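**Student:** Once you've had a glance at the structure underneath, I'll fire off some questions.
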Amino acid sequence: MAKRLLVNVLGLMVLLGLFSSVCESLECSQVPIDSIIPCGAFIAGSDNVPTRGCCSGAQVWEGYTAADICRCYKESPDRTLFKLNRKQMNALRIQCGLSTHFAHIVRCLFTPPI
């Protein structure tokens with residue numbers, strides 16, 4: 001009985017640890033919103049293909065939660081010096097070979113606040 005209780009307590013501690021790390025959000029100064037700046041011409045539609053620097057910058061975003069990218073972009077959209085375009089952001093994901101996580105970031109960026 002004591003062993004079972006110990007296993008349950010340890011399991012609960014692991015779950016709480018996982019949830020606390022998921023719930024922590026970064027300061028926006030730690031989130032590299034400006035790493036997407038090399039994509040400006042592609043997102044504006046003046047370039048047909050994203051540059052290598054653009055793809056590298058977009059890939060940086062994949063290392064952060066969609067919630068952090070979304071929140072920090074919306075708090076200071078002027079950090080990119082250009083307005084994001086949903087169609088081009090989706091094309092960026094495909095042309096740079098980014099994961100579906102980037103699609104979640106794009107969806108979040110274009111979801112109006114509730």
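The values are calculated or read from the model by the stated rules, or taken from the named source; none is laboratory data. Bear in mind the structure is a predicted one, so any value in this text is a computation, not a measurement. Every residue, glycine as well, gets a Cβ built from its backbone with ideal geometry; the counts of neighbours run over all protein chains shown. Calculation scope for accessible area: heavy atoms of the full protein, side chains included, ligands and nucleic acids excluded. Shrake-Rupley method; radii C 1.70, N 1.55, O 1.52, S 1.80 Å.
**Student:** For Gln30, which of the numbered conditions (1) over 17 Å from Ala103 (Cβ atoms); (2) within 12 Å of the chain's Cα centre (by Cα) fails to hold?
**Tutor:** (2)
**Student:** Which one of these does Asp78 not meet: (1) out of contact with any helix residue (DSSP H, G or I) (no Cβ under 9 Å at 6 or more places or on another chain); (2) farther than 22 Å from Leu26 by Cβ; (3) at pLDDT below 95?
**Tutor:** (2) is the only condition that Asp78 fails.
**Student:** Please specify each residue of region 73-89 satisfying the condition of being closer than 15 Å to Ala41 by Cα and either open to solvent by 80 Å² or more (accessible area, probe 1.4 Å) or of a type outside the set (Ser, Thr, Tyr) (or both). Can you show your working first?
**Tutor:** Within region 73-89, the subset closer than 15 Å to Ala41 by Cα is 80-89.
Answer for region 73-89, where residues must be closer than 15 Å to Ala41 by Cα and either open to solvent by 80 Å² or more (accessible area, probe 1.4 Å) or of a type outside the set (Ser, Thr, Tyr) (or both): Leu81, Phe82, Lys83, Leu84, Asn85, Arg86, Lys87, Gln88, Met89.
**Student:** Applying the selection to region 62-114, what residues are in a loop (DSSP other than H, G, I, E, B) and among the hydroxyl-bearing types (Ser, Thr, Tyr)?
**Tutor:** Of all residues in region 62-114, those in a loop (DSSP other than H, G, I, E, B) come to 62-65, 76, 80-85, 96-99, 110-114.
Result: Tyr64, Thr65, Ser76, Thr80, Ser99, Thr111.
For every residue, the table says whether it meets (1) surrounded by 15 or more Cβ atoms within 10 Å (Cβ to Cβ); (2) modelled with pLDDT of 95 or more.
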| site | (1), (2) |
| --- | --- |
| Glu27 | no, no |
| Gly53 | no, yes |
| Ser56 | no, yes |
| Arg71 | yes, no |
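**Student:** Does Ser46 qualify as being surrounded by fewer than 16 Cβ atoms within 10 Å (Cβ to Cβ) and either charged (D, E, K, R) or at pLDDT below 95 (or both)?
**Tutor:** Yes; evaluated as a whole, the condition is true for this residue.
**Student:** Another one. Do we find that Thr65 is of a type in the set (S, T, N, Q), more than 23 Å from Gly45 (Cβ to Cβ) and either open to solvent by less than 50 Å² (accessible area, probe 1.4 Å) or out of contact with any Cys (no Cβ under 8 Å at 6 or more places or on another chain) (or both) in this structure?
**Tutor:** Against the criterion (of a type in the set (S, T, N, Q), more than 23 Å from Gly45 (Cβ to Cβ) and either open to solvent by less than 50 Å² (accessible area, probe 1.4 Å) or out of contact with any Cys (no Cβ under 8 Å at 6 or more places or on another chain) (or both)), Thr65 qualifies.
**Student:** Working only within region 42-56, note down all residues that are in contact (Cβ under 8 Å) with a residue 24 or more places away in the chain and either touching a helix residue (DSSP H, G or I) at 6+ places or on another chain (Cβ under 7 Å) or not small (Gly, Ala, Ser) (or both).
**Tutor:** Answer for region 42-56, where residues must be in contact (Cβ under 8 Å) with a residue 24 or more places away in the chain and either touching a helix residue (DSSP H, G or I) at 6+ places or on another chain (Cβ under 7 Å) or not small (Gly, Ala, Ser) (or both): Phe42, Ile43, Gly45, Val49, Pro50, Cys54, Cys55.
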